Structure formats: C-alpha cells, structure tokens
Amino acid sequence: MIAITGKTKLVGLLGQPVNHSLSPIMHNAAYEEMGLDWCYMAFPCDKGNIEKVTTALRFVDCKGLNVTIPHKQEVLKACNKLTKVANDIQAVNTLIPEKNNQWIGANTDVEGFLVPLKSHNLIDKSVIVIGNGGSARAVVMGLNSLNIKKITIIGRNKNSLDTFVKNMKNLLSKNQIKIEGINNKEKNLTSYIEEADLIINTTPIGMHKQKTEQQNIPLGNQIWDNLSNKTILYDLIYTPRPTNWLKLGEKKNCFIINGLDMLVEQGALSIRLWSGFNNVPTQIMKSSAEKHLMV
Ligand code: NAP
C-alpha cells in the first residue's frame, strides 16, 4: 500500500458485518495502480447510526462510500439525490460526494450484475430468479435491459414475494417482459427448472461450506435432477467459489457464473463515479481478491 500521508483521502464501506468484505483488498489494489492517494476502509455500522456516520464522513471530505448488507435501503434517508436506477429499485450501494456536504445515492449492482452476461444472447429467453431480497431487485432491473421473455421469481415468503413482484411489474411495465412469483412451498417447480435458459441464485444458500456437495443447495438437491445442459447457472455468491450448486451445474455441463465478476465490476463502477476516470484496472481488482480468497 502507498504510505498514508496528510494528503491521503478516505473512501470506505458501511455495513454490518464487514470483516469478511473483499472490497478493501480490491479497491486499495486499484488505487495503487491508478496512482490515487486514497485509502479504502470497511466500517461496521448499525442501522440507527447510518445517517450520523454518512453526514460526519462527508464533513471530513470522504471521497466516496459503498454500502452493503443490510443498509442498502436504510441509506436512502442519508441521500440528498438519487440516480434513476437507485430510485427505481430503492436501493443504494454507492454514495457520491456532492457540493454543500451532500451525498448522491447510486446503484452499481445492476450494471455489475450484467457484465458477466454480456457474451450471452438472452433475447426471448426464460429466466428464474431464486430469492426476492435486495440483490434480486438489482438482478430484475438488470434483466429488464436484456429483452428476455419471462422472469419467474421463486420466494419462500408469500407476502414479501407478492410485494416484490408487484413493485417489479410497475418497473418493467414499459417492456413486454412477463414476470410472475412462485412460492416454492406451494407449487412443483420441476417443469420451470427444466425450461429455464438462465437461473440466478440471489439467496445466501451455499455461502457456508458444508461437508458434502449435496448440502446447501437452493431449493434442495432433487429438483436439479433434470437440469438441461443448455441452462446457464449464475450464483451471486463469491465465496466459496464455486458453490455446491454451481458444482452440480458443472457436472451437468451447464455454463456457470460465480459472483466474483459482479463484485469486481460493481466496485470498479463505483471508482469510476468517484474519480471520474474510466480506466479502472478490473483485472488487478479481481486477482487481488482471488489471491486473498486463497489465503
Ligand atoms: P437479502 O436482501 O437478505 O435477500 C436474501 C433473499 O434470500 C431473501 O429473499 C430471503 O428470503 C432469501 N433467503 C435467505 N435465506 C434463505 C433460505 N435459507 N431459504 C430460502 N430463501 C432464503 O440478501 P441480498 O443482499 O439479496 O444478498 C443475497 C446474496 O447475494 C448474499 O449471499 C450476498 O453475498 C450475495 N450478493 C453478491 C453480490 C456480488 O457482487 N456478487 C452483490 C449483492 C449480493 P426472506 O426474505 O424470506 O428472508
């Protein structure tokens, strides 16, 4: 790391917990390569302190903030303006400093999610999204730009699933994409799985290493028996890499995508917004994160 001097500027992450975060590793590697005299730190912050902390950091000329679980919605209150995407999905993962000690709320998860899908043609395809939490909003918003035919959201909680689908329907209304929600306790999902072209896991199921590969698989092990090798599996989880679900997909010869590229891309987009530089070294960010994950 470059020596911290009196001129070094602070950039950071707010979340709870943050000690597992790869962002400090990736960001500081990028700043060093870019010659930016910035230092990125991860700050654990409770929900009730978000506004106080973001206000205070703006007063000490903090150059930018990322926001992670569980504060991406709570931090809306601390923003004086929102970008269109952040406003549409009502979630912020990047705060950009604005004049008069204010913050603009942005969301780079949507674009970050799309980058690993760029080489795939998804026009008129059917997509399943497992989970209906914060990252699922960014995922559905991203899918909205891909001219796909249908999105099926699978959720475990009927009430939150219905609300999610209703909100997303309003956002997708200009496009012709069909969106439906299915409660996995109420319906057999086998035919949906067999027909899907792309399946995205947005739940944390699989984040923790289990003793056997059959454990910790979204929707259970059996449902994937007839998975087609034409289906792309995209897991937002980046550790472990691959998850047991992606290993299962690999065995069936599916194309698999893990969450690391999304993580790197959303971080690189934040740096672009804060620095105004387009040339962010994403390869260096990725290799520094990979090196850290191997330790
Ligand atoms: P979240 O807002 O808490 O949403 C999680 C969703 O998964 C909710 O719908 C939740 O259902 C469901 N869920 C949780 N545990 C479940 C279980 N045991 N069985 C069935 N459903 C379950 O979390 P998030 O912010 O969307 O993050 C989800 C995952 O994505 C995390 O692993 C996170 O690390 C990853 N992520 C990765 C990136 C990246 O850059 N690669 C970016 C964002 C997130 P309920 O509402 O019923 O609890």
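Every number in this text was worked out from the coordinates using simple rules, so none of it is lab data. No experiment lies behind these values; they were computed from the predicted model shown. Quick reminder, even Gly has a Cβ in these numbers, built from the backbone with ideal geometry, and neighbours come from all protein chains shown.
Using a Debye calculation, one point per C-alpha and no hydration shell, please list log10 I(q)/I(0) for the stretch 181-295 at q = 0.15, 0.20, 0.23 Å⁻¹ in order.
-0.74, -1.08, -1.28
Amide H neighbours of Ile179 under 5 Å, counting only residues 5+ apart in sequence or on other chains, H built in-plane at 1.01 Å?
Counting only residues 5 or more places away or on other chains, the set is Ile151.
Just the C-alpha atoms of the stretch 73-168: what Rg/Rh do they give, with Rh taken as the Kirkwood radius?
Over the Cα atoms of the stretch 73-168, Rg/Rh equals 1.03.
Put a dot 7 Å past each Cα toward the Cβ at Asp61 and Thr163; how far apart are the dots in nm?
4.2
From the P(r) of the stretch 111-258, could you give the percentage of C-alpha pairs in the tail past 29 Å?
9
Amide H neighbours of Val18 under 5 Å, at least 5 residues apart or on other chains, H built in the peptide plane: list them.
none
Of His120, Asn216, Ile232, which is farthest on the positive side of the dipole of the stretch 111-258, counting Cα position, with +1 on Lys and Arg Cβ, -1 on Asp and Glu Cβ, and the Cα centre as origin?
Asn216
Counting every Cα pair in the chain, what percent are over 30 Å apart?
Tail fraction, whole percent: 33.
Counting pairs of alpha carbon atoms under 8 Å apart in space and at least six apart in sequence, what relative contact order in percent does the stretch 111-258 give?
22
Given N residues in the stretch 12-118, what is its alpha carbon radius of gyration divided by 2.2 N^0.38 Å?
The reported ratio for this selection is 1.05.
Over 23 Å between Cα atoms: which of Lys72/Lys149; Lys77/Lys150; Lys125/Lys185; Lys52/Lys99; Lys118/Lys230; Lys247/Lys286 fall into that group?
Lys72/Lys149; Lys77/Lys150; Lys125/Lys185
Quick one: what are the phi-derived ³J(HN,Hα) couplings along the stretch 71-81, Karplus 6.51/-1.76/1.60 with θ = phi - 60°, whole Hz, x for glycine and proline?
Once rounded to whole Hz, the list reads 10, 5, 8, 4, 6, 4, 4, 8, 9, 8, 9.
Per residue of the chain, what 222 nm ellipticity follows from adding -39500 (n - 2.57) for every DSSP H run with n ≥ 4, rounded to the nearest 500?
-10000 deg cm²/dmol
Taking a ≥ b ≥ c as the square roots of the eigenvalues of the Cα gyration tensor of the stretch 147-200, is the shape rounded (a/c under 1.5), prolate (a/b larger than b/c) or oblate?
Oblate, because a/c is 1.5 or more while a/b does not exceed b/c.
Quick one: Cα centre-to-centre distance for the stretch 1-57 and the stretch 79-97, in angstrom?
What the calculation gives is 19 Å, centre to centre.
So what are the stretch 118-167's ellipsoid semi-axes, whole angstrom, largest first, if each one is the square root of 5 times an eigenvalue of the alpha-carbon gyration tensor? The partial results should precede the final answer.
Working: eigenvalues 90, 21, 16 Å².
Over the Cα atoms of the stretch 118-167, the ellipsoid semi-axes are 21, 10, 9 Å.
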